[in-house]
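Asks: I have a structure I would like to understand better, so I am pasting it below and will then ask my questions one at a time.
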Amino acid sequence: MTLGSKIKQLRHRAGLTQEQLATCLGVSAQSVSKWENEVAMPDITLLPALAGEFGVSIDELLT
C-alpha cells in the first residue's frame with residue numbers, strides 16, 4: 001500500500017475530512033489531497049504528527 005492510500009484509509013477510519021486533517025497538521029487541504037493522490041509527499045517533519053493524529057507508529061504509517 002502506498003503512503004497516499006494509507007493516509008486516505010486512516011483519515012477515513014478516523015472520520016476526518018481533508019480539511020480537518022489539514023488544520024490539525026497546519027497545512028492546506030490541497031496538500032492533503034496531493035498526498036492522497038500521490039502527487040506530492042508529506043514533509044518528513046510532519047510524519048510524527050501525522051502518525052499521532054491517527055494513533056499509529058511512523059513505521060505502521062510507512063508500511
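Asks: Within the set of pairs 6+ apart or on separate chains, which have a first residue in region 1-23 that is within 14 Å of A49 (Cβ to Cβ), a second that is among the aromatic types (F, W, Y) and in a helix (DSSP H, G or I), and C-beta atoms under 8 Å apart?
Replies: Cβ pairs passing all conditions: I7/W35; L10/F54; R11/F54; A14/F54.
Asks: Let me ask something additional. With (1) free of Cβ contacts under 8 Å to residues at least 12 places away in the same chain; (2) of a type in the set (A, V, I, L, M); (3) surrounded by 13 or more Cβ atoms within 10 Å (Cβ to Cβ) as the list, and V39 as the residue in question, which single condition is left unmet?
Replies: Unmet for V39, out of (1) free of Cβ contacts under 8 Å to residues at least 12 places away in the same chain; (2) of a type in the set (A, V, I, L, M); (3) surrounded by 13 or more Cβ atoms within 10 Å (Cβ to Cβ): (3).
Asks: Here is a further query. So which residues in region 2-12 are exposed (fewer than 13 other Cβ atoms within 10 Å of the Cβ) and either more than 16 Å from T63 (Cβ to Cβ) or touching a Pro at 6+ places or on another chain (Cβ under 9 Å) (or both)?
Replies: H12
Asks: Is it true that E38 is more than 9 Å from the chain's Cα centre (by Cα) and part of a loop (DSSP other than H, G, I, E, B)?
Replies: Taking the combined requirement at face value, the residue satisfies it.
Asks: Which condition does P48 not pass, out of (1) loosely packed, with under 13 Cβ neighbours inside 10 Å; (2) touching a residue at least 12 places away in the same chain (Cβ under 8 Å); (3) not β-branched (V, I, T), if it passes all the others?
Replies: Here P48 meets the rest and fails (2).
Asks: Take the residues in region 13-30 that are touching an Asp or Glu at 6+ places or on another chain (Cβ under 9 Å) and assigned to a helix (DSSP H, G or I); name whichever of them is surrounded by the most Cβ atoms within 10 Å (Cβ to Cβ).
Replies: L21
Laboratory data are not the source of any read-out in this text; all were calculated from the coordinates shown. Since the structure is predicted, the reported quantities are computational estimates derived from the model, not experimental observations. When we count neighbours, we look across all protein chains shown, and the Cβ atoms used for this are built from the backbone with ideal geometry, even at glycine.
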